[in-house]
Amino acid sequence: MQPNNPKVLMAKPGLDGHWRGILVVSMALRDAGMEVVYGGNMTPQEIAEAAAQEDVQFVGLSLLSPGHMRLISETLDALRERAMEHVMVVAGGTIPEEDVPRLKTLGVAKVFGPGSPLEDIVAFFRQSACQPRD
Amino acid sequence: MKETKEKFFSGAGFPIKPVYTPDDLARLDYGKDIGLPGEPPFTRGLYPNMYRDKLWTIRRYSGFGTPEETNQLYRHEYELGQNGFSIAFDAPTEAGIDSDDPRAAADVGATGVPVDTLLDMEAMFDGLPIDKAATAIISQTMASPALTAMYFVMAENRGFDLRTLNGTTQNDLVTSLGCLYLVDQIAPRHQMRFAIDFIEWCIEAAPRWHPVSFDSYNYREQEISAVQELGILLATAVSYVEEAKKRKLDLNRFIRPFTFDMGCHNDFFEEIAKFRAARRLWYSIAKERYGTTDPKCWQFRFHAQSAGCTHTTQEPLNNLVRIAYQVLACALGGAQSVHANGFDEGLCLPTEDSMLLSIRTEQILQHETNITSTADPLGGSYYIEWLTGKIEEKACEYIREIESRGGVVEVLESGWIYTEFLKAMTDHQKKIESGEKVVVGVNSFRLSRESYKAPVSRPNLKAAEIQTAKLNEVKRTRDSRRLERALQKLRAVTADGGNIMPPVMEAVRSYATLGEICNVWRELYGLWRIPLRP
């Protein structure tokens, strides 16, 4: 695997079923040469388990329900419990702008709102994958 | 002179000419293909006088928080002049699981209202005039029998006769499994059986109820074309009728209560043509293909909603303009009932202000623009009539394609339909990225300064806790032996192939939860995972 073609787990924490966003982004990342594991709807615990098993560099979370703060922070906690802080978490969906600073404090690397161009999303994953991580 | 674009296409991909003339309608016979409103083939509308006699119903799809909060919301909507209710359930309820399921905590009350037992339905409709304002129960096929039973028992307990109760249950298989991921589902073939059981039972027990509203709104949101939308919608109705034929049901009685529900997108004339084509095509299916003789069977009665996927988070006020155009197209297309979205749909559930604006959008259209004074005002336009014919022809081909693959149960189980959706959403995204498709404020005409910031509504974070406490109380106080007998009966009747509705009604009266009822079926049939592979 090329360093700029990372492995990504794409998941929807919780029960919100809106799948168009996660599907379109998953296909764009794969078209760009990345290895995408499509998890679909999973609990935060299942996401962390899958991230560990698949040894991914990124977890992409898509949320289109107002439960995003709770579900994202539970996912971050579940990753931390498995000592997976090195996995970069990227979120997308209907997340109000005013919530973004708090999500970043919690440990989300980047939030892509509705209408974000796919090339920006792909470029972000590529660039972040190339950067040395501590 | 050089034109502003190299080529002009409709949303569904039909090349559009600079002008249309009678030559484009050479094959059209006015009497046979268009006719008068209220007369077959109903191209121009279902009723002779259309909105002169009855304006379309303003019916918003709404609900959130707890059933008690939703009751307050419905009371408010009714006071503002809304004359129908349409229940938006939360994700756990849509999937048929209870609010105390550990997976549900963050989603209870988040994108709709939770309903676990009869008590929730009673709380939601407490004091509301359900005989004056008809309710649409927008439920997925597996949850439809139990949720409608809760509504029916609530109505009976308030003294209403089911035989006179008016309303609708969505109960559409493709919209249930084809556009939103639902956990813990059973296979489409079993859900189809329940859907038909439900319709068959309602025809006898609640003859004024519409036990199915075939709904293409949700899968259209995946950017399939107007042609595909209409094709899948009518192919679904055809698949239901084919099931009824296998049961040797009286098709006049089976088809009579059908209603439909469609999206309304941005290609203004194409959407109007789509609604007109839907009526003509449904007439030919119901009358010519299935030989029904009851004129009610021939009528494509439909609700329409402005398309959420056309709304943008960027410059959210622009959505008010998009919604107004789309709602105008619904009215010019002859809709019986309309939902104007909240302009803040891309951000959150509607705030009180955005809810008011969506009701006002429809009221202004009904009372200030004078578009309601004549039926089908665009009928006879060379362009509209040509486009109506094109959509009808291509939708017919798409119905045949689905039928050649075995009908809607097969295209869900084989995954074919999901491939169609994936292709549509990817193609659309590529057109936005390339600029071929213009979205104002997103890929074109972007503001260099900050745009208007819409206030964001927040859900009741305590909804799961409140519902769980209510569930604990119900479970503590209900007659557990009566409940157990009811669930056993449901299990036995389901396994024997009998109609599921009588035991579902008894289970609901025994305060069974939605999850307990659906679990009977999960245990019998096992879980089915939606075959969606990006």
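Below, the figures for the structure above:
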item	result
Alpha carbon convex hull of chain B, projected area averaged over orientations, nm²	25.1 nm²
Segment B:396-477: projected area of the alpha-carbon convex hull, averaged over directions, in nm²	12.0 nm²
Unit charges on C-beta of K, R, D, E only; dipole of the protein assembly as shown, Debye	900 debye
Residue list for segment B:184-210, given a label point 7 angstrom along the Cα-to-Cβ vector of B:Asp496 and an amide N cut-off under 18 Å	B:194, B:197-198, B:201
Other protein chain Cβ atoms within 10 Å, averaged over every residue that makes up B:425-432	4
Proximal charge balance of B:Ala486 [Cβ under 14 Å; K/R count +1, D/E count -1]	+3
Qualifying trypsin sites (Lys or Arg not before Pro) in segment A:51-108, DSSP loop, other Cβ atoms within 10 Å at most 14	A:Arg82
Where trypsin sites (Lys or Arg not before Pro) fall in DSSP loop in segment B:436-516, at most 12 other Cβ within 10 Å	B:Arg446, B:Arg449, B:Lys453
Translational diffusion coefficient (Stokes-Einstein; Kirkwood radius from C-alpha pairs) of segment B:381-534 at 37 °C, 0.692 mPa s, in µm²/s	150 µm²/s
Simple label model, 7 Å out from Cα along Cβ direction - A:Asp77 to B:Val438, nm	4.9 nm
Calculated FRET efficiency for the pair B:Glu288/B:Glu39, C-beta based, R₀ 22 Å, to 0.05	0.90
Nearest-ten-degree value, helix B:514-525 long axis tilted from longest Cα axis of chain B	90 degrees
Packing-based exposure ordering (other Cβ within 10 Å, fewest first) of B:Thr513, A:Thr43, B:Thr148, B:Thr4	B:Thr4, A:Thr43, B:Thr513, B:Thr148
Karplus-derived 3J(HN,Hα), 6.51/-1.76/1.60, for each residue of segment B:16-24, Hz, glycine and proline x	10, 7, x, 8, 10, 9, x, 4, 6
Sequence-distant residues sharing a close amide H with A:Val36 (under 5 Å, placed H)	A:Val8
Candidate lysines for bridging to B:Lys475, where Cα separation is under 25 Å - those fewer than 8 sequence places away on the same chain excluded	B:Lys462, B:Lys489
Cα-based equivalent ellipsoid, segment A:7-130: semi-axes from gyration tensor eigenvalues, Å	18, 17, 14
For A:Met42, residues with placed amide H under 5 Å, excluding near neighbours	A:Lys12, A:Gly14
FRET efficiency, A:Glu46 to B:His76 (Cβ-Cβ, R0 41 Å, nearest 0.05)	0.55
Residues B:Thr169, B:Thr66, sorted so that the one with the fewest Cβ neighbours within 10 Å comes first	B:Thr66, B:Thr169
Backbone N under 19 Å from the B:Arg163 label point (7 Å along Cα→Cβ), restricted to segment B:494-534	B:502
Segment A:2-77 and segment B:482-499: distance between their alpha carbon centers, rounded to Å	40 Å
Loop sites in segment B:7-99: trypsin sites (Lys or Arg not before Pro), DSSP, at most 11 other Cβ within 10 Å	B:Lys7, B:Arg27, B:Lys54
Added length on full extension, which subtracts the Cα-Cα distance from 0.36 nm per residue, B:Asp29 to B:Glu450	146.1 nm
Of all DSSP beta bridges in the protein assembly as shown, antiparallel share, percent nearest 5	5 percent
Shielding by partners, peptide A:22-31 (average Cβ within 10 angstrom, other chains)	4
Taking all pairs of distinct alpha-carbon atoms in the protein assembly as shown, Kirkwood radius in angstrom	25.8 Å
Cα centroid separation - segment B:68-90 against segment B:329-346, whole Å	17 Å
Among beta bridges that DSSP assigns inside chain B, antiparallel share in %, nearest 5	5 percent
Cross-link pairs B:Lys394/B:Lys423; B:Lys245/B:Lys296; B:Lys394/B:Lys437; A:Lys12/A:Lys104; B:Lys245/B:Lys287 - those with Cα-Cα distance over 21 Å	B:Lys394/B:Lys437
√(5λ) per eigenvalue of the Cα gyration tensor, segment B:365-422, largest first, Å	36, 16, 9
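FYI, it's all coordinate maths here, none of it is from the lab. Only a predicted model underlies this, so the values are computations on that prediction, with no experimental measurement involved. Note that each Cβ is placed from the backbone with ideal geometry, even for glycine, and that neighbours are counted across all protein chains shown.
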